[in-house]
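Heads up: the structure comes next, in structure tokens.
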């Protein structure tokens, strides 16, 4: 199963890329994806928070990802 | 002792004049002036409130008036 | 820095914002009070504001000074109309800048709330069939 | 009625005010967040705002809808800059009209407070000697 991962702000500095494509086994939850991301990019753990959004909506850790989902790494926002 | 009395808003409709000049005995307080005003213009008592200002400042009822003071009748304000 | 104005001409929101803008203020809050076209469902044709001018200006100055001291506002512009106003025109414009937004909001709200209680300005609503001094009676 | 905008060009405060103005709204509150010239005493040269555009717009829309429903606001314009901003430029403009002023203040404040918590936009401060993503670290 393929998903797209978008990185913004300092998260992009850490992952090094705006867009990543990842192959996942079926039935991976947002929480499980988070663990894989931190394993692959340990500096993500240094951030105050990283929320994950799926298809333009903040997602709970339990949400199970589907084919072609767009996941975004949302470090602490600072607009306004 | 002479004072000037200014009336605004509905108070002017009641007194009928923007400026009144009144002769007062010495040592009249704001509270005493208020009584005389209501006696002379009973409809002032129908207003929600009438504050008295002396020389551009809200005055306490105890303040004693002096020669040439400018007293203003301030019905409920409604600016803004 | 404070700018107090009581004027018979149209209020200028941009002038208020420009006055309070500064490179070290992070937030500006602006309140604009406009003339509504109806009161309790009854159409209002226009308004007239009467002011006890010297005292109104003195009270507005006091309010702005208090807001600055109380909330740490940086600059405040407080402009009020007098005379005849058409529907939709601004009766009051208050602009406040502050280092942080909470102070800008709080100071601006303090200004309009206090102005409506203490500044000697009176609004008369002109209807098709008569006119009424607002808030005069209990 | 809501107007949501995320743009690389200068924000227009008057356009926001005009959008929310209406003959039956008694109060308009406007918040303008500007780029400050220093952070903790250190001079800032300029700012860059990065946005996750579709989600930022969706979140701004949600916030405006909530503010309208929660406080009885009438019209809301919520405009945010992206890209490079010079000192003194507006990063965000929020204008809210409501029948009564308390609702306008409360809705406007709700919009900016919530925007700063949830809208996926990131500010990078550019200093003489480097650059920093704001609020990234604990």
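Sorted from shortest to longest, the distances between the residue A:43 label points of this copy and the other copies are 7.9 nm, with each point 7 Å from Cα along the line through the beta carbon. If r is the Cβ-Cβ distance from residue B:61 to residue B:4 and R0 is 25 Å, what FRET efficiency results, to the nearest 0.05? It comes to 0.85.
Ranked from shortest, the separations from the 7 Å Cα-to-Cβ label point of residue C:39 to its equivalents in the other copies are 5.1 nm. The modelled label-to-label distance for the pair residue D:86/residue A:32, using points 7 Å beyond Cα in the direction of Cβ, is 5.3 nm. The chain D residue nearest the rotation axis shared with chain C, using its Cβ and rounding the distance to whole Å, is D:30, 2. For the peptide D:123-130, the mean number of other protein chain Cβ atoms found within 10 angstrom of a residue's Cβ is 1.
Students often check this: by mean Cβ neighbours within 10 Å, which of D:11-22, C:121-132 ranks highest, and how do the rest follow?
Ranked from most to least packed, the peptides come out as D:11-22, C:121-132.
Just grab the label-to-label distance for residue A:18 and residue B:68, each label 7 Å out from Cα along the Cβ direction, in nm (one decimal). Reported label-point gap for residue A:18 and residue B:68 is 7.6 nm.
With its label point defined 7 Å out from Cα along the Cα-to-Cβ axis, residue D:126 lies at 5.5 nm from the matching points of the other copies, in increasing order. Based on the reciprocal of the average 1/r between different C-alpha atoms, the Kirkwood radius for the range D:1-107 equals 14.4 Å.
Remark: mean inter-chain Cβ contacts per residue of B:33-41 equal 0, using a 10 Å Cβ-Cβ cutoff to other protein chain atoms. Remark: the Cα gyration tensor places the range A:33-80 in the oblate category, a/c being 1.5 or greater and a/b not exceeding b/c.
In the range A:2-74, Cα pairs under 8 Å separated by at least six residues give a relative contact order of 44 percent.
Taking R0 as 30 Å, what FRET efficiency do you get between residue D:18 and residue D:102 from their Cβ-Cβ distance, rounded to the nearest 0.05? Efficiency at R0 = 30 Å is approximately 0.85.
Per the Debye formula on identical point scatterers at the alpha carbon atoms of the range B:2-74, with no solvent, log10 I(q)/I(0) at q = 0.13, 0.14, 0.24 Å⁻¹ is -0.31, -0.36, -1.17.
Here B:1, D:60 are placed in order of increasing Cβ neighbour count within 10 Å, fewest first, which gives B:1, D:60. Chain A has one residue whose beta-carbon comes closest to the axis relating it to chain B; that residue and its distance in whole Å are A:80, 14. Given the range B:2-74, what percent of its DSSP beta bridges are antiparallel, to the nearest 5? Taking every DSSP beta bridge within the range B:2-74, about 75 percent pair in antiparallel fashion. Spatially, the range C:16-65 and the range D:14-44 are offset by 16 Å when compared through their Cα centroids. Inter-chain Cβ neighbour count for A:56-63, averaged per residue, equals 2 (cutoff 10 Å, partner chain atoms only).
Ranked by the mean number of other Cβ atoms within 10 Å of their residues, highest first, the peptides B:17-25, C:34-42 fall in the order C:34-42, B:17-25. Residues D:52, D:110, B:58, arranged from fewest to most other Cβ atoms within 10 angstrom of their Cβ, appear as B:58, D:110, D:52.
Values quoted throughout were computed directly from the atomic coordinates according to the rules given, and no laboratory measurement underlies them. This is a predicted model, so every value here is computed, not measured. Glycine also receives a Cβ, built like all others from the backbone with ideal geometry; neighbour counts cover every protein chain displayed.
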